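*Asks:* Okay, handing you the structure first.
The values are calculated or read from the model by the stated rules, or taken from the named source; none is laboratory data. Since we're looking at a predicted model, the values are computed, not measured. Cβ atoms come from the backbone with ideal geometry, glycine included; neighbour counts cover every protein chain shown. Just the protein is used for accessible areas: all its heavy atoms, side chains included, with ligands, DNA and RNA removed. Shrake-Rupley method; radii C 1.70, N 1.55, O 1.52, S 1.80 Å.
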2 protein chains.
Amino acid sequence: GYLEKDAIRGNDTFVTFDEIMKQAVQNEVDFVLLGGDLFHDNKPSRKTMHCCMEVMRKYCMGDRPIVFEILSDQAVNFSHSKFPWVNYLDSNLNISIPVFSVHGNHDDPTGADGLCAIDLLSCAGLINHFGRSRSVEKLEISPVLLKKGNTRIALYGIGSIPDERLYRMFINNQVTMLRPREDEDGWFNLFVIHQNRSKHGATNYIPEQFLDDFLDLVVWGHEHECKIAPVRNEQQLFYVTQPGSSVITSLSPGEAVKKHIGLLRVKGKKMNLQKIPLQTVRQFFIQDVTLSEHPDLFSPEQPNVMLKVMAFCQEKVEEMLEEAERQRLGNSLTPEKPLIRLRVDYSGGFEAFNTMRFSQKFVDQVANPKEILHFIRHREAKDNIKAILSRPTSEVLQLRVEDLVKEYFQKAEKNVQLSLLTEQGMGKAVQEFVDKEEKDAIEELIKYQLEKTQRFLRERRVEATEEKIDEEVKGRAFKEDLFIISKLLHYLQTSYLGVDSGS
Amino acid sequence: GYLEKDAIRGNDTFVTFDEIMKQAVQNEVDFVLLGGDLFHDNKPSRKTMHCCMEVMRKYCMGDRPIVFEILSDQAVNFSHSKFPWVNYLDSNLNISIPVFSVHGNHDDPTGADGLCAIDLLSCAGLINHFGRSRSVEKLEISPVLLKKGNTRIALYGIGSIPDERLYRMFINNQVTMLRPREDEDGWFNLFVIHQNRSKHGATNYIPEQFLDDFLDLVVWGHEHECKIAPVRNEQQLFYVTQPGSSVITSLSPGEAVKKHIGLLRVKGKKMNLQKIPLQTVRQFFIQDVTLSEHPDLFSPEQPNVMLKVMAFCQEKVEEMLEEAERQRLGNSLTPEKPLIRLRVDYSGGFEAFNTMRFSQKFVDQVANPKEILHFIRHREAKDNIKAILSRPTSEVLQLRVEDLVKEYFQKAEKNVQLSLLTEQGMGKAVQEFVDKEEKDAIEELIKYQLEKTQRFLRERRVEATEEKIDEEVKGRAFKEDLFIISKLLHYLQTSYLGVDSGS
């Protein structure tokens, strides 16, 4: 459902999901394994949920027999489900391809019921959601044990957990991978994880070294760059495959790598992973130019330098478009309009120009006409932006929201301070509001603080009847806070607006 | 999912839906027929959707054979579905009880894709959504033709349509019920409709007389009062059964009628409808008192009259509680705390009192402690309120939102006027926002108006480049409107807050 409202790219994710599942059928796979983030939004739209169910019912149900067994206790593997067994063993469902998935950070469980988007698919019998833990301090991972012929696979999974928390659990030795008692070494150990793989901070990622060395293959979700060819970790002696996202989200170099899915064959302890390129993924070309590196073409002092730079940029984009056209030749499944990004380093006295007219030139050829050009001023700045853009989009937004909330209260006059809520609490609630569309997050926070304040006042035996407390607290503070929140939301709206119309 | 967040009543709808489907299994029904509004919200929460799917998968799937046939063209009956056939004939689904449903006004199709909440259930293979039309001017209803033994049922349905529109279609002779060619009179004709049955305005309901007289039984959804015993329409010579809502929503007399489902038996052209009382529905008692009718007990001039009135009201509530207790005896399925409403007519110089302390007394015995008392001043007023309360809740809210938006702009100073939007457009967008949680409604409206304004300016050949128009329009008007909207939303929030804490 990424960008589902975009007039050009709106169906990209559905088309590619269809292609992936069709590949599963054509290759007669035993099962499909997903690394999380089947959905982009925590609360997917009705359209997205409907499209997803449609594809799964179309490709995962049917008469093709399933020839592998499950040896583990399904009630343990799927203990959080209302139907705690693998879908293909449900006599009411004729499943031909079971799908196993952990949840990602985009579609993780929220709310009092701890439900996530893929739990709806699980309840409908379309997916097997595994790798879910109840504890936030300790993980004991019981693998799903699969057997086909003489090959046995122990499938481990951890659904997305905040990186710092999982990092701490590993450090404190609180992550245990349970192993089958019988013939421990005879299993092919497959592990699915959905965390930061690249280091975003001291403890804001999971080092491969943390993972048990008895593993054979780690499927690493979350990261968007397709690095599907298994890479051997020489310390731990296992392989890591990183399928990457199925569609391009951020316009960063990592996403320009050709998208693939992997067809994994396992026999005994041996494996082979065949790369299958995806045909329906929109092409994406990215290129960097540094204006100061072309003193022969233009200098900042030149008259009309901006027109020259513009023509130069246009030429570069046209080159990319020609290359896209060339590569797309004969492939009818690839969308016509590619994604194009030209990053222009204009350090050294050059000026950025208004991109609107430039965009207009490519509106019929490019899928992202408004975002083709990206001006950056310094090498350093570029690297920073690179680092931010290579993160999943939601994290960038998170940073922004937190910053904005902080900024708002720093700038605010003294009388615009919250009566009940702390800025930190507010920041978190707004973040949740933005990330997860948890409409109740703010309200719940206020209620919680309200009760806390009431208890506090009562304990202090304030000279007031309960009703007075109620009236006072509710009438004044509650409304004041609501007012400030509405102002804050307005501030965020306009700030976002500024961001959106800018680039 | 009605009131799903209420600490006491939150699970009521799920529990009763479970009871209903359990009854279907126990009575070995051929199918379940729903009259719309399976969901209270157009966009049900994840929890509600999950609960609903769970119940349906639990009770509607299994090995019990289905012994009736479908004779009509399913591709026509279910043409809007991605899987246009009845679920029990899908070889991948082991359905034991097919559920047929039209959509109601609460869960009607919205958005560009025209999907509604039950379409998700339909896509998951759990429900058969019928009675859906593409045209807004003309209806041609192809019945689902069912056959069991020698009995044949023609099942007609119309999913919810705005009453005025459907009224107009009937008046203009644009509603056609197609009939099977063969042995036209041998069919039992069953029709499901989800519209106002009681007159809310000249054309704001559907008179029974509009319906074809070849019908045998009309199942009338939408109305909340349980009038399940079929009533013969002596003009049209068909029967009408009105099951009513499964749980109590508004605290009005209609909802105090005991809730039932109907077990319909049809043989040839004969039918029998057995009333089955629902055991899990929370009890609801409502009583009216008119203070001026008790001159022996109190008069407005009396000192401490308020305390006396309060004691009198307390006595009445206690009587109702005792009656509830008596009726609940031995029925372990009925929730412990009943719903209680005492409507107090305080005309004739009496004063209403603060209900908070009164509520406090019943907080452990009543499911709606904050809403027990309802003060009204005049007979006339009471009747008005009655009329409003007997409408489904969403309509009351609609009225309120529209009024509030209007009020807001009437009160607003001159400089707080929208630059791009009309008040009417704004009112509609906010209403949609509140009713359907169409988060994009407001944004889409603004975009639309923005484009309109741009076109307008261009056509007038205003002396400005396009860029300037963009800047001007976006920069000023857009932001101004957003600001006003944020203020408006704040106003609505606090107004609602006032309403909520008031009664």
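*Asks:* What are the residues in the stretch A:304-341 that are open to solvent by 90 Å² or more (accessible area, probe 1.4 Å) and within 21 Å of A:Phe375 (Cβ to Cβ), if any? Lay out the reasoning, then the answer.
*Replies:* Of all residues in the stretch A:304-341, those open to solvent by 90 Å² or more (accessible area, probe 1.4 Å) come to A:304, A:307-308, A:315, A:322, A:325-327, A:329, A:332-333, A:336.
Scanning the stretch A:304-341 gives A:Asn304, A:Leu307, A:Lys308, A:Glu315.
*Asks:* Residue check, A:Ala202 against (1) touching a residue at least 24 places away in the same chain (Cβ under 8 Å); (2) assigned to a loop (DSSP other than H, G, I, E, B), all met but one. Which one?
*Replies:* (1)
*Asks:* Oh, and also: Here's a check for you: in the stretch A:342-380, which residue that is of a type in the set (A, V, I, L, M) and surrounded by fewer than 16 Cβ atoms within 10 Å (Cβ to Cβ) is farthest from A:Ser299 (Cα to Cα)? So that I can check it myself, show each step before the final result.
*Replies:* Taking the stretch A:342-380 and keeping what is of a type in the set (A, V, I, L, M), we get A:342, A:344, A:352, A:356, A:363, A:366-367, A:372-373, A:376.
This time we only want the ones that are surrounded by fewer than 16 Cβ atoms within 10 Å (Cβ to Cβ), so: A:352, A:356, A:363.
On the way: A:Ala352: 14, A:Met356: 23, A:Val363: 29 Å.
Filtering first and then ranking leaves A:Val363.
*Asks:* I'd like to verify a number: residues in the stretch A:218-237 that are under 17 Å from A:His194 (Cβ atoms) and surrounded by fewer than 21 Cβ atoms within 10 Å (Cβ to Cβ), how many? It would help to see each step written out before you state the result.
*Replies:* Taking the stretch A:218-237 as the starting set, the residues that turn out to be under 17 Å from A:His194 (Cβ atoms) are A:218-228.
When the remaining residues are screened for being surrounded by fewer than 21 Cβ atoms within 10 Å (Cβ to Cβ), the result is A:225, A:227.
Residues flagged as under 17 Å from A:His194 (Cβ atoms) and surrounded by fewer than 21 Cβ atoms within 10 Å (Cβ to Cβ) within the stretch A:218-237 amount to 2.
*Asks:* Now a separate question. Kindly list, by first and then second residue, each pair from a residue in the stretch A:307-336 that is among the aromatic types (Phe, Trp, Tyr) to a residue that is outside any helix (DSSP H, G or I) and open to solvent by 40 Å² or more (accessible area, probe 1.4 Å), limited to pairs with Cβ atoms under 8 Å and residues at least 6 apart or on different chains.
*Replies:* Final answer for the pair search is A:Phe312/A:His294; A:Phe312/A:Leu297.
*Asks:* Something else: Could you figure out which of (1) at pLDDT below 95; (2) over 24 Å from B:Arg9 (Cβ atoms) isn't true of B:Lys270?
*Replies:* Tallying (1) at pLDDT below 95; (2) over 24 Å from B:Arg9 (Cβ atoms), B:Lys270 fails exactly one: (1).
*Asks:* Of all residues in the stretch A:109-159 being buried (at least 19 other Cβ atoms within 10 Å of the Cβ) and at positive phi, which is nearest to the other protein chains (Cβ to nearest Cβ)?
*Replies:* A:Gly125
*Asks:* Here's a check for you: in the stretch B:56-77, which residue that is hydrophobic (A, V, I, L, M, F, W, C) and surrounded by fewer than 21 Cβ atoms within 10 Å (Cβ to Cβ) is farthest from the other protein chains (Cβ to nearest Cβ)?
*Replies:* To start, the set of residues in the stretch B:56-77 that are hydrophobic (A, V, I, L, M, F, W, C) comprises B:56, B:60-61, B:66-68, B:70-71, B:75-76.
Now narrow it down to the ones that are surrounded by fewer than 21 Cβ atoms within 10 Å (Cβ to Cβ): B:66-68, B:70-71, B:75-76.
On the way: B:Ile66: 13, B:Val67: 18, B:Phe68: 19, B:Ile70: 20, B:Leu71: 25, B:Ala75: 17, B:Val76: 20 Å.
Looking at residues that are hydrophobic (A, V, I, L, M, F, W, C) and surrounded by fewer than 21 Cβ atoms within 10 Å (Cβ to Cβ), I get B:Leu71.
*Asks:* If you check B:Ile372 against the conditions, is it under 30 Å from B:Asn105 (Cα atoms), touching a strand residue (DSSP E or B) at 6+ places or on another chain (Cβ under 7 Å), modelled with pLDDT under 55 and not charged (D, E, K, R)?
*Replies:* no
*Asks:* Please enumerate the residues belonging to the stretch A:110-124 that are touching a residue at least 24 places away in the same chain (Cβ under 8 Å) and not acidic (Asp, Glu).
*Replies:* Here is the first cut: in the stretch A:110-124, the residues touching a residue at least 24 places away in the same chain (Cβ under 8 Å) are A:110-111, A:114, A:116-124.
Residues satisfying the conditions are A:Thr110, A:Gly111, A:Gly114, A:Cys116, A:Ala117, A:Ile118, A:Leu120, A:Leu121, A:Ser122, A:Cys123, A:Ala124.
*Asks:* Among residues belonging to the stretch B:31-55 that are closer than 11 Å to B:Ile97 by Cα and open to solvent by 20 Å² or more (accessible area, probe 1.4 Å), point out the one that is nearest to the other protein chains (Cβ to nearest Cβ).
*Replies:* As a first pass, look at the stretch B:31-55 and keep what is closer than 11 Å to B:Ile97 by Cα: B:31-33.
Subset that is open to solvent by 20 Å² or more (accessible area, probe 1.4 Å): B:31, B:33.
Working: B:Phe31: 17, B:Leu33: 22 Å.
Filtering the stretch B:31-55 for residues that are closer than 11 Å to B:Ile97 by Cα and open to solvent by 20 Å² or more (accessible area, probe 1.4 Å), the one nearest to the other protein chains (Cβ to nearest Cβ) comes out as B:Phe31.
*Asks:* Here is a list of conditions, (1) open to solvent by 20 Å² or more (accessible area, probe 1.4 Å); (2) basic (Lys, Arg); (3) farther than 30 Å from B:Ile171 by Cα, and B:Lys259 meets all of them except one; can you say which number that is?
*Replies:* Tallying (1) open to solvent by 20 Å² or more (accessible area, probe 1.4 Å); (2) basic (Lys, Arg); (3) farther than 30 Å from B:Ile171 by Cα, B:Lys259 fails exactly one: (1).
*Asks:* Got a number for residues in the stretch B:72-114 being within 26 Å of B:Ile20 (Cα to Cα) and outside any loop (DSSP other than H, G, I, E, B)?
*Replies:* So the count comes out to 9.
*Asks:* Out of B:Glu4, B:Glu28, which single residue is touching a residue at least 24 places away in the same chain (Cβ under 8 Å), open to solvent by 30 Å² or more (accessible area, probe 1.4 Å), assigned to a loop (DSSP other than H, G, I, E, B) and within 25 Å of B:Gly157 (Cα to Cα)? Full working, then the answer.
*Replies:* Values: B:Glu4 fails: within 25 Å of B:Gly157 (Cα to Cα).
Just one listed residue meets the conditions, B:Glu28.
*Asks:* Regarding B:Lys22, is this residue within 14 Å of another protein chain (Cβ to nearest Cβ), out of contact with any Phe, Trp or Tyr (no Cβ under 6 Å at 6 or more places or on another chain) and open to solvent by 40 Å² or more (accessible area, probe 1.4 Å)?
*Replies:* On the way: within 14 Å of another protein chain (Cβ to nearest Cβ): no; out of contact with any Phe, Trp or Tyr (no Cβ under 6 Å at 6 or more places or on another chain): yes; open to solvent by 40 Å² or more (accessible area, probe 1.4 Å): yes.
So B:Lys22 fails the test.
*Asks:* Also: Every residue in the stretch A:160-170 that is open to solvent by 30 Å² or more (accessible area, probe 1.4 Å) and in contact with a Ser or Thr (Cβ under 8 Å, 6 or more places away or on another chain), please.
*Replies:* Here is the first cut: in the stretch A:160-170, the residues open to solvent by 30 Å² or more (accessible area, probe 1.4 Å) are A:162, A:164-165, A:167-168, A:170.
Passing the criteria: A:Glu164, A:Tyr167, A:Arg168.
*Asks:* In addition: Return a yes/no flag: does the stretch B:276-299 have any residue that is farther than 30 Å from B:Tyr346 by Cβ and either of a type in the set (Gly, Ala, Ser) or open to solvent by 70 Å² or more (accessible area, probe 1.4 Å) (or both). Quick ask: steps written out before the conclusion?
*Replies:* Quick first cut of the stretch B:276-299, residues farther than 30 Å from B:Tyr346 by Cβ only: B:276-281.
Okay, now just the ones that are also either of a type in the set (Gly, Ala, Ser) or open to solvent by 70 Å² or more (accessible area, probe 1.4 Å) (or both), so none.
No: the stretch B:276-299 contains no residue that is farther than 30 Å from B:Tyr346 by Cβ and either of a type in the set (Gly, Ala, Ser) or open to solvent by 70 Å² or more (accessible area, probe 1.4 Å) (or both).
*Asks:* In the set A:Gly10, A:Gly36, which member is in a loop (DSSP other than H, G, I, E, B) and either among the aromatic types (Phe, Trp, Tyr) or under 30 Å from A:Arg181 (Cβ atoms) (or both)?
*Replies:* Numbers: A:Gly10 fails: either among the aromatic types (Phe, Trp, Tyr) or under 30 Å from A:Arg181 (Cβ atoms) (or both).
Just a single option satisfies the conditions, and that option is A:Gly36.
*Asks:* Just checking, how many residues over the stretch B:327-380 are part of a helix (DSSP H, G or I) and either within 14 Å of another protein chain (Cβ to nearest Cβ) or over 13 Å from B:Leu291 (Cβ atoms) (or both)?
*Replies:* First, the residues of the stretch B:327-380 that are part of a helix (DSSP H, G or I): B:327-328, B:355-361, B:369-371, B:379-380.
From the residues that got through so far, the ones that are either within 14 Å of another protein chain (Cβ to nearest Cβ) or over 13 Å from B:Leu291 (Cβ atoms) (or both) too are B:327-328, B:355-361, B:369-371, B:380.
Summing the residues that are part of a helix (DSSP H, G or I) and either within 14 Å of another protein chain (Cβ to nearest Cβ) or over 13 Å from B:Leu291 (Cβ atoms) (or both) in the stretch B:327-380 gives 13.
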